[in-house]
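Written below as structure tokens is the structure these notes are about.
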Amino acid sequence: MYIRDTIAAVSTPPGNGGIGIIRVSGDQAAAVGNAVFKPVYDGGLVSHRFSFGTITDPVTGVAVDEAMAVYMRAPRSYTREDILELHCHGGWLVVEKVLALVLSCGIRLADPGEFTRRAFLNGRIDLIQAEAVMDIISSKSESALQLAQTQREGVLSKRIEDVRGYLIRALALVEAYIDFPDDDLGETDVESIRASVGEAQRIITGLLSTFEEGRVMRDGISVLIVGKPNAGKSSLLNRLLNENRAIVTHIPGTTRDIIEETVTFEGLAVRLLDTAGIRHTDDLVEQEGISRALAKIPQADLILAVFDASREFGQEDQLIYDALTGHRTIAVLNKTDLPRQLVLPDEGRFLAQTGIVALTGDGVDQLKQVVCKQFLRSTASDSREFVALSRARHRDALVSAQQNLQQFSSGLRDRNLELLALDLRSALQAVGSVVGQTATDEVLDHIFSSFCIGK
Amino acid sequence: MMTYDQTYDVIVVGAGHAGCEAALAAARMGCRTMLLTINLDAIALMSCNPSIGGLAKGHLVKEIDALGGEMAKNIDATGIQFRILNTKKGPAVRASRAQADKQLYRLRMKRVLEQQNNLDLKQGEVTALYLEDGELRGVDLKSGIRFLSRTVVVTTGTFMRGLIHIGLNNYPGGRAGDQPSIGLSDHMRALGFQVGRLKTGTPARLDARSIDFTKLETQFGDDPPQPFSFSTDRIIMQQVPCHIAYTNPHSHDIIRSGLDRSPLYSGIIEGIGPRYCPSIEDKVVRFPDKDRHQTFIEPEGLDTVEVYPSGMSTSLPIDIQIAFYRSIVGLERVEIMRPAYAIEYDYVDPIQLHSSLETKVLKNLFHAGQINGTSGYEEAAGQGLVAGINAALRVQGRESLVLGRSEAYIGVMIDDLVTLGTKEPYRMFTSRAEYRLLLREDNADLRLREIGYQLGLVDEQEFARFSEKRSKIAVELERIAATRLQLSEHEREVLARLGIADIQKGTTLEHLLKRSDICYDDLAELGHVPRETSAVICEQVEIQTKYRGYIDRQLEQVEQAKKLESTIIPADLDYVSVKSLTTEVREKLSKYRPDTLGQASRIPGVTPAAISILSISLKSSSWKGNDEQCIQ
């Protein structure tokens, strides 16, 4: 067999939790269980039954923790190998101790993603599922976790199967007229072909529209905070972080480099970038900071332009306006507790406008919601129904299928049938590659290199 | 048992369309060859329709010709109507079809065989293969003679345990009028072959004198008729038309009234019939809403009144046959000369074959044609040619010929058969070829002539002719890529007449030809084609230029698939040792035993994950020692 040795790892997230699970996979799983776990009731480990007992150091006989243990005999397990799971108390120290004990039985620590790799290699999960699990491993937030799980349920696979069904139907109609010219088939049923292809296109378009959302949920978004000096950018950052990360002073130009922090808004991973205040300055260091801030603008998914609402729109604000043209921006009006002096010209350029008082934190929660709303259109919808395309490989395949189908549709009236068939075939092949139907070595290499990067 | 005093290199069992090509190929490649048949008067007999070609089948015939086979030349010499199908569609799906004079076709093929050096023709029925120490040594005949041979090609058609059905009556026969082959299939089963049963059928032959052709549509062939063979200059046979007739609701009522005496619907026939070539009772039962079915009334020859009503095969009892054929307008007084019948026969599962058509069970034994579960003369001939070539190559100690799926329909067919096996009679369709735009009739010679020449099947003269064509195409392609429009007065005048306005000075002819509103003749009109350029060259240049984009797209796909196609799976790979595979996949792979990863990927139920595992396992010769490397 390809992988013979037995591996173990902590499979619950790092840190203190309610329980900690140590998972062992491989031929030695049962032996390890018998060595370190003493069930309260006699009879040893029965496959797929939880038993209660103590984890005991086999050498010293000292009990380490009370625990539940479950043994799953191959192939009815996640990896299709023998698996032992020890569910112990979730304290970090206990979990580490149990892991050390398990490893002392002569097995090795698993590599990142290795359980999933074994599951894939042993045919337990398919390509999409494996990729989705990899997303779970490396997911940065709850939303990503949810998305990954949905994908793993095979929802995407089902939609893809639907598309393939329609395409196969359309192709069959085209092929019939090619291969049976003497067979009195009547006129080419263009409408049926068009309808089937239309259905396929509709599903693909739907899937593609979820890609951006899927990417956002998986990778999170980057949000750049810009504004003139002392508009309150750093105070806002601190409010969003709930900590004093950026140095806040009343001296303009305090933030000279870019400060980057990651937070979670409603399950969405957000990378916050605080920048130097934008103004004309002779200070070389500050100039550098400003040009860095400006350089970041095109790369950000969203820009929070912070304005001081208690002052009139000034030359420095205009500088920011110029830099922001064409970029997705939310206008954040700070100091709304003071009498309002600011009049924003051309308000239509902003996706939204919202007021805050950075010093007290008023309006900050609302701002978070406004940010999320820009990216998660379907936050309100039932997440189990939510299908999203989150991998670039899937997106590329569907885009290519979409192009083939467009070419098909535009040529339906005047192009030769066998060329139309070629378009359909190419689309079918592209769609098939999403469910791994044409999985080549390159795809595999890509996945496995991804597994090692994860976590 | 008497043992004949000389040893052959190749013995071919059966002289149908597969056997003839196999024997000719082996003999032409210099092997001492014997062709054995149950009936020397039935060589290359067209047991069913008197025609050659059609969609995908025409492609096969052209490929056979390019490789140096005989079928195309034989039909060119004996064809009495030629048509190109799908002329309104693109070049890849255009196909040639011809009606044959059935007797002339058979007689010419027999003459070619008789005139072939190194080839003995003998009549006799093979009942067993002769083995020594488990190795194939020859064949045993019913008459008590043993012929020794280094290799054997078996092409038994519908003869092995053939059983003819007309209504509820049935009797053993290899074809109406011929005795079956009894014993050979039992013998093969005992050797470890999986023998199955298939069914096919043929319509009645009708007396043309009793048909009122004035009531039927007439269909003429193309004028001038286009030959199949790249070596034929023109067709000299007299050409005759076919006629088209239709069934009607009354015909269908008659058919339904006889279903209780149909061997098909009463369960007497066990063999599986072809879905794409159903009997008329099948059509009526499965498509009850269709109020008419079309039939082409095809002549069986110039010197006979027998005609063949295509698509009207049946195994219904004779009284129903008479009533049903007479219900067709124009056939009211028709006389049946030979009744329609169904035939069941034994075949051997082709997944027991290598891509060379050598069996996996017994070395030096090759199978071709209906024994492999195919149907159709062209499919049989294509396999026969490959089997004959590979038997000869084996004798000569040379590597076998395997045509790829991107090279030839023959390659697609054999790969389908040996990879997937078949449960019903297998027929070629253009849609089976994923690289359809590459596998055209018009470029069969460009694809395969060189291979035929290397094998010694294409003679010097033929090859010189081909080489000249090939280089002329290259020259002309180069010329149109380099020639630019000067927009002279004449050019502008012609373009205006063609309604083309948006052409700039300096546009190449190649660029111009890519446009959908310009054809090669227009280039001639513009004064840009040398007068001596032949029609064949023009056609090639036009197709290759106009479809360049699509052709390149397919070539790219071929390139991508190459890695899987070229990864060989060792014949002795123990799939049980590949524990990562699911039980289902392991069983499938153990059963099909694919030769390459490409083949494995085409087996239904073999998942992409399984292919990945196999690919990894093949890469690391010793998994045990390479664990770390694999995991990284």
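The values are calculated or read from the model by the stated rules, or taken from the named source; none is laboratory data. Note that the structure is predicted; figures quoted are calculated from it, not measured. Note that we place each Cβ from the backbone using ideal geometry, even for glycine, and neighbour counts take in every protein chain shown. Ligands, DNA and RNA are stripped out before the accessible areas are found, and what is left, the full protein with its side chains, is counted by its heavy atoms. Shrake-Rupley method; radii C 1.70, N 1.55, O 1.52, S 1.80 Å.
Taking 23 Å as the limit for the C-alpha separation, the pairs A:Lys233/A:Lys335; A:Lys335/A:Lys368; B:Lys363/B:Lys563; B:Lys89/B:Lys199; B:Lys283/B:Lys588 exceed it in the case of B:Lys363/B:Lys563; B:Lys89/B:Lys199; B:Lys283/B:Lys588. Accessible surface for B:Arg497 stands near 150 Å², nearest 10, in the context of the full protein assembly shown (1.4 Å probe). Extending 7 Å from the Cα toward the beta-carbon at both B:Asp459 and A:Lys373 defines two label points whose distance is 8.7 nm.
So what's segment B:384-436 giving for Cα Rg divided by 2.2 N^0.38 Å, two decimals?
Compared with the compact-globule rule of thumb, segment B:384-436 sits at 1.25.
Largest accessible area first, the listed residues A:Thr79, A:Thr60, A:Thr281, A:Thr54 line up as A:Thr60, A:Thr54, A:Thr281, A:Thr79 when surface is computed with a 1.4 Å probe on the assembled protein chains. Sorting the segments A:422-430, B:141-149 by their residues' average number of neighbouring beta-carbon atoms within 10 angstrom, most packed first, yields A:422-430, B:141-149. Shown in residue order for segment B:144-156 are the 3J(HN,Hα) couplings computed by the Karplus curve 6.51 cos²θ - 1.76 cosθ + 1.60 at θ = phi - 60°: x, 10, 10, 9, 8, 7, 6, 9, 9, 10, 9, 9, 8 Hz (x for Gly and Pro).
Association of chains A and B removes close to 3800 square angstrom of accessible area from solvent, both sides included, for a probe radius of 1.4 Å.
For segment B:349-451, the convex hull spanned by the alpha carbon atoms encloses 92 Å³ per residue.
Cross-linked pairs B:Lys62/B:Lys423; B:Lys102/B:Lys122; B:Lys142/B:Lys591; B:Lys472/B:Lys562: Cα-Cα separations exceed 32 Å for B:Lys142/B:Lys591. For segment B:400-415, the Karplus equation 6.51 cos²θ - 1.76 cosθ + 1.60, evaluated at θ = phi - 60°, returns couplings of 6, 8, 10, 8, x, 5, 9, 9, 7, 4, 4, x, 4, 4, 5, 5 Hz by residue, with Gly and Pro reported as x.
Where both bridge residues fall in segment B:6-112, DSSP classifies roughly 70% of the beta bridges as antiparallel. For the protein assembly as shown, the equivalent ellipsoid derived from the alpha-carbon gyration tensor has semi-axes of 68, 41, 27 Å in decreasing order. Of the two radii for segment B:101-257, the radius of gyration is 1.07 times the Kirkwood radius, both from the alpha carbons; that is the Rg over Rh value. Sorting B:76-87, B:153-164, A:201-212 by their mean Cβ neighbour count within 10 Å, with the most densely packed peptide first, gives B:153-164, B:76-87, A:201-212.
Taking amide H as placed 1.01 Å from N in the peptide plane, the amide H of B:Thr3 sits under 5 Å from that of B:Arg146, each at least 5 places away or on another chain. Taken one residue at a time, the phi angles of segment B:263-280 give Karplus couplings (6.51, -1.76, 1.60, θ = phi - 60°) of x, 6, 8, 8, x, 6, 7, 9, x, 8, x, x, 5, 7, 9, x, 6, 5 Hz. Gly and Pro are set to x. For chain B, the relative contact order is 16 percent, taking Cα pairs closer than 8 Å that sit 6 or more residues apart in sequence and dividing their mean separation by the residue count. I'd like the distance between the alpha-carbon centres of segment B:39-61 and segment B:259-284, rounded to an integer number of Å. Rounded to whole Å, the Cα centres lie 23 Å apart.
Set against the 2.2 N^0.38 Å expectation for a compact globular protein, segment B:174-312 has a Cα radius of gyration ratio of 1.37.
Could you tell me the center-to-center distance, by alpha carbons, between segment B:459-511 and segment B:114-186 in angstrom? The two parts, judged by their Cα centres, are 56 Å apart. Considering every alpha-carbon pair of segment B:74-173, the percent of pairs per 10 Å bin, from zero through the bin containing the longest distance, is 11, 22, 28, 25, 12, 2.
Model label sites at A:Ala176 and A:Asp365, defined 7 Å from Cα along the beta-carbon direction, differ in position by 6.2 nm. Near the amide H of B:Ser51, within less than 5 Å, lie the amide hydrogens of B:Ala100, all on another chain or at least 5 residues away, with H placed in the peptide plane. Over segment A:10-64, the hull volume per residue, using the convex hull of the C-alpha atoms, is 114 Å³. The contact residues of segment B:35-61, meaning those that lose at least 10 Å² of 1.4 Å-probe accessible area when all protein chains sit together rather than their chain alone, are B:Leu55. Size descriptors for segment B:424-481, from the alpha-carbon set: Rg then Dmax equal 15.0, 50 Å. Treating each Cα of segment B:246-355 as one equal point scatterer and applying the Debye formula with no solvent, the log10 of I(q)/I(0) at q = 0.22 Å⁻¹ comes out as -1.29. DSSP beta bridges fully contained in segment A:23-102 are about 95 percent antiparallel.
Peptide B:84-91 is shielded by partner chain Cβ atoms: per residue, an average of 4 of them sit within 10 Å of its Cβ. Residues whose amide H falls under 5 Å from that of B:Ser181, counting only those 5 or more places apart or on a different chain, are B:Met160, B:Arg161, B:Gly162, with hydrogens built in the peptide plane.
In terms of overall dimensions, the C-alpha atoms belonging to segment B:431-559 reach 53, 34, 21 Å along their principal axes, ordered largest to smallest. Its alpha carbons give segment B:292-355 an Rg and a Dmax of 16.4, 52 Å. Distance from the Cα centroid of segment B:387-442 to that of segment A:418-434 is 23 Å (rounded to whole angstrom). When the alpha carbon coordinates of chain B are projected onto the principal axes, the ranges are 83, 81, 53 Å, largest first. Report the local net charge at A:Thr329: Lys and Arg +1, Asp and Glu -1, summed over other residues whose C-beta lies under 15 Å from its C-beta. After counting each charged neighbour, the total is +1.
Protein heavy-atom accessible surface, 1.4 Å probe, per residue over chain B: 40 Å².
Note that segment B:148-206 shows a convex hull volume over its alpha carbon atoms of 126 Å³ per residue.
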